Each structure stands twice: as structure tokens, then as C-alpha cells.
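J.: I have a structure I would like to understand better, so I am pasting it below and will then ask my questions one at a time.
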Amino acid sequence: MRALVVDDDPEVCSAVEEILLEKGCKADKRFCLADVKRMIRRRHYELVFVGSKLPDGTCLDVLNELNRLSPLTTVVVLITRTELNMVVQAVREKAYEFIAKPIVPDEARIRIESAIERARLIQENEILKKDTPSLLPKRLLGRSKVMRNLIETINIVAPTDVNVMIYGESGTGKELVAQEIHNKSLRSGARFVEVNCAAIPDTLIEAEFFGYEKGAFTGAVSRKIGRFELADGGTLFLDEISETSIAFQAKLLRAIEEKKFERLGSNKTIKSDVRIIATTNQNLRKLVVEGRFREDLYFRLNVFPIHIPPLRARKEDIPLLADYFVALYSSKNSKPVKEISSDALSWMMKYDWPGNVRELENAVERAVIVSVGDKITRKDIVIPRMAETKGAVDIGEILPLREMEKRLILKALEKTRGRRAEAARLLGISVRTLRNKLARYEKEGIYVNRMGEVRREKK
Ligand SMILES: Nc1ncnc2c1ncn2[C@@H]1O[C@H](COP(=O)(O)OP(=O)(O)OP(=O)(O)O)[C@@H](O)[C@H]1O
Ligand SMILES: [Mg+2]
């Protein structure tokens, strides 16, 4: 087999050639398009490596030529690490399409249309998807006394139809408990509809909840069914309920009490019978005292409170959970089923898991992926949070606490690329607090855009 390696950088060519030689494959090297054209006319190459940009053309010219002359040739494009990282990262982060800048309308239109189409399909299917069981059903596990009691409590409360309020730190399994209650309830045949109150901006939450008629406001191009209506007969899961505004809480209360509401832009009253399961990682009672959460709504929702303790308070659950996640992610990644070495496990028992079960799950998933052989060892378990506190935030000089706080907040937003709920979670504050801080920074001329980028303006 013979290969051709083309790049304007001779070092790149040599590096590729060396590896090819290691594998017993001889290579010719060329550095520009004109030479490549000449070479591929002269002889057949099974394999061609080509740099994305050449002095007199691009890899596309080479691909074109090869498609014409020898369509079966395998072509590998060499791109710079920054391009590659970006693209790989974007694909990994589930970017759906790429549009080149500057924008060429004719070209961009097709891609934008297809993105809109996909978003629409997802919007419509989102609810249905919840009903189809995933390949690997999630299970609520626990062997500690508190968790066994909790599972028993769920079995008792699930069929009763009372509203449930779930308290627990981030990652303790609030959503999983809510699902479990729904699945074991008499409403399990109907939908489990989720609303992440922290993720939906104040201005959109009503539309999301109650839906709207076509033309109800600018941008309402067609009728939208709200989540309250979708959940009729089923369960409405209000995640992070403490993040709603007082004004919205009043509307929510009415809908819950009267079991009816109107779509925006319509006078018609719609009936909907939902059971509410809400969550918070805040002390709701305290928010009521501070006047940030309506007391009447609190009593409506807090009919049956469930408290999930943090993982550090029930470390006996760690081995069981770790084994379960190992099995789950081994099968998901088609890796041979692994076991956890005793040093890895004893180390996991020592750590406090501030991100709770989610953090443990992520650590195990990563370990399954990076581990070789059939045992997960201590070095396979990496905790990003630990690395973060040690490295990424460089404290450097000591500044007034308020300034330090500002820097950390901006850093968190940059890191999460503007995802406020996630940034707040990292910082251990509520989204509301984060929002208030940002409003204060804006008064000082510091703006953070939707991507988490910071812009400063002189005041
Ligand atoms: N007891 C458990 N058994 C098995 N898996 C669990 C358990 N608790 C949590 N998990 C898993 O941990 C992850 C986080 O759980 P979940 O999303 O329910 O947490 P949460 O409390 O809603 O977190 P957040 O406040 O950040 O939204 C999920 O993948 C969930 O399946
Ligand atoms: Mg959750």
C-alpha cells in the first residue's frame, strides 16, 4: 500500500510519514496542490493525507481531484488543533449544524431552516419521549437506613395523589424520586411533564406554563399548548420552584387551586387536573419568612415534604451506587464489565462528594471509559471539582472579598458558557442570587452576554 502526504508544513508531513512507516506503509510527501495533482495523475494511492490549507489551494481541491480520478482512495484531512478542538468540542457538546461566517444568506438559510425544523420536532416529541422507557432504566437505589425509609415512604405516598415537595442538595436524586413517585402512582398512564423553573426566564415562564394562542404576542406564530395542559391527568414536575417570581407564583397558585387556567391571548378557560411534585435545593420555609416565596403556595405544595440527605451523610450507599454505575456505563460504552479495585473504593468512601450522586456517577462514567483491563483503579477516578479548586481559579493577589466574589462569579459564567443555573450550582448559590449579583455588576458597567463573555464599559 502506498500513501501520499501533503501539507505545507514539512514537519507535519514527516511526522505522518514516520507513523506510516512504523505501520509498514511507504509514503510520498508533497507540499502544494500543483504537485499533488501531478502525482495523483501519475500513480494510484490507496491513502492520502492532506492539510486543510495548502499554499495554492485547499484540501477540497484535492478531494475533488481524487473523487474524479480515484474515488476509492481513503482521504484523511489534517487540520490545526484549534480548528479540530473547536469542531470536536462542538460536536461533543451536541452542536447540530455549522454555519460559516461571514454569513452567506443562501447557504445559511438551508441550515437555519433545518435547525428550526429539528427544534420544532424535538419540542413536539419532548413529552412523548418521556413516556418511552430508555434502554437503561434509571433506578433509585440505596442500602442505607435513610434511603430504605425513603423508598418505603415513596411507596406509601405515590398512590395518594397529594402534592409532594422534594428537598435536597444538587445531585441527590430529586428528579429520580419524582419520577419514581409518578411511576408508582395511579397517574403513571398519563404524562410526567417537567418544567425547570430556573432555566426558563421570568418573561417566558407564563407562556411555557399556560401556553398561548396564535398572535397572543409578537413571535407567537402558532398556538402553543402549555405544560399545565400537557400534564392533564398526569404529574407536573416543577424543578427548582424557588426560582420563580412572586408574580408568577400567584398565577401558579390559582391554577393549582382551581385546576383551571387560560392560554395567553384567550378567554377560554381550560381545565387541567395535575398532581404537583416540586423540588428545591433551598430552605423554602426561610424564603417564605423573607417574603421571597408565597406562603399560600408553600402550603399548597408542601403537603408531603421529602428530604433526601446528601451522599456524605449516607456513605454506605457509595459501593452499591458505584457498582450500579459501573454496570450501567460498561454496557452503554460496550466495555467489558469492570469491577472497582478496593483502593479505588476506599478512596471513594473518603471523599465527601459535594456534587452528590451526580458527581459520583460522572466520576464512575469517566473511570469506565478511561480504564484499561477489567478493574477500575484509584487513578482512573478523577474529580474535576478537586482540580478546579486547585488549578483553574488562580487566586493570585488577595483582593477585597467583594472583588474576589465578582471574579469567581464571572469565571463560573465563562466556564459554563453562560448557563446560569449551572454556574449557580458550581458556586453553591441560587440562580436568583446570581441574577441579583449580575444586575449589580451591570450598574458598574460590567455586562455578561448569553455565552458568558464579559464586556466592560466605562461609566
Ligand atoms: N439513589 C439513587 N440511585 C441511583 N441513581 C441515582 C440515585 N440518586 C441519584 N441518582 C442519579 O444521579 C443523577 C442525579 O440525580 P437527579 O438528577 O435526580 O438529581 P437532582 O437532585 O435532581 O439534582 P439537581 O438539583 O442538580 O437537579 C441522575 O443520573 C440520577 O439517576
Ligand atoms: Mg434535578
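J.: Scan region 1-43 residue by residue and report those that are closer than 16 Å to LEU63 by Cβ and in contact with a Lys or Arg (Cβ under 9 Å, 6 or more places away or on another chain).
T.: ALA3, LEU4, VAL5, VAL6, ASP7, ARG30, VAL36, MET39, listed by residue number.
J.: Working only within region 161-170, note down all residues that are part of a loop (DSSP other than H, G, I, E, B) and more than 8 Å from ligand 2 (Cβ to nearest atom).
T.: Those that are part of a loop (DSSP other than H, G, I, E, B) and more than 8 Å from ligand 2 (Cβ to nearest atom): ASP161, VAL162, ASN163, GLY168, GLU169.
J.: Also, I was wondering about something else. Give region 273-323 a look and list any residue that's touching a strand residue (DSSP E or B) at 6+ places or on another chain (Cβ under 7 Å) and of a type in the set (Gly, Ala, Ser), or say none.
T.: Of everything in region 273-323, those that are touching a strand residue (DSSP E or B) at 6+ places or on another chain (Cβ under 7 Å) and of a type in the set (Gly, Ala, Ser) turn out to be ALA278, ALA322.
One line per residue, one yes/no per condition, for (1) over 21 Å from THR279 (Cβ atoms); (2) surrounded by fewer than 19 Cβ atoms within 10 Å (Cβ to Cβ); (3) assigned by TED's automatic domain parsing to the domain that holds LYS251:
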position: PRO159; (1), (2), (3): no, yes, yes
position: VAL162; (1), (2), (3): no, yes, yes
position: ALA198; (1), (2), (3): no, no, yes
position: PHE217; (1), (2), (3): yes, yes, yes
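J.: Hey, another quick one. Does at least one position in region 211-221 carry a residue that is within 21 Å of the chain's Cα centre (by Cα) and modelled with pLDDT of 90 or more?
T.: no
J.: So, in region 167-182, how many residues would count as being in contact with a strand residue (DSSP E or B) (Cβ under 8 Å, 6 or more places away or on another chain) and more than 6 Å from ligand 1 (Cβ to nearest atom)?
T.: Selection size over region 167-182: 6.
J.: ALA207 is checked against (1) at pLDDT 90 or above; (2) over 27 Å from the mean Cα position of the chain (by Cα) and fails just one. What number does that condition carry?
T.: Evaluating ALA207 over (1) at pLDDT 90 or above; (2) over 27 Å from the mean Cα position of the chain (by Cα) leaves (2) as the failure.
J.: If the Cβ limit is 8 Å and pairs must be 6+ apart or interchain, which residue in region 235-247 that is away from ligand 1 (no atom under 16 Å from the Cβ) pairs with which residue that is acidic (Asp, Glu) and assigned to a helix (DSSP H, G or I)?
T.: Going by the 8 Å Cβ cut-off, the qualifying pairs are SER245/ASP202.
J.: When region 237-262 is examined, which residues are found to be more than 25 Å from VAL221 (Cα to Cα) and either hydroxyl-bearing (Ser, Thr, Tyr) or not in a helix (DSSP H, G or I) (or both)?
T.: If the condition is that a residue be more than 25 Å from VAL221 (Cα to Cα) and either hydroxyl-bearing (Ser, Thr, Tyr) or not in a helix (DSSP H, G or I) (or both), then PHE237, LEU238, ASP239, GLU240, SER242, THR244, SER245, LYS259 are the ones that fit.
The values are calculated or read from the model by the stated rules, or taken from the named source; none is laboratory data. Keep in mind that this is a model prediction, so the values were computed, not measured. Here Cβ is always computed from backbone atoms with ideal geometry, including for glycine, and neighbour counts include all displayed protein chains.
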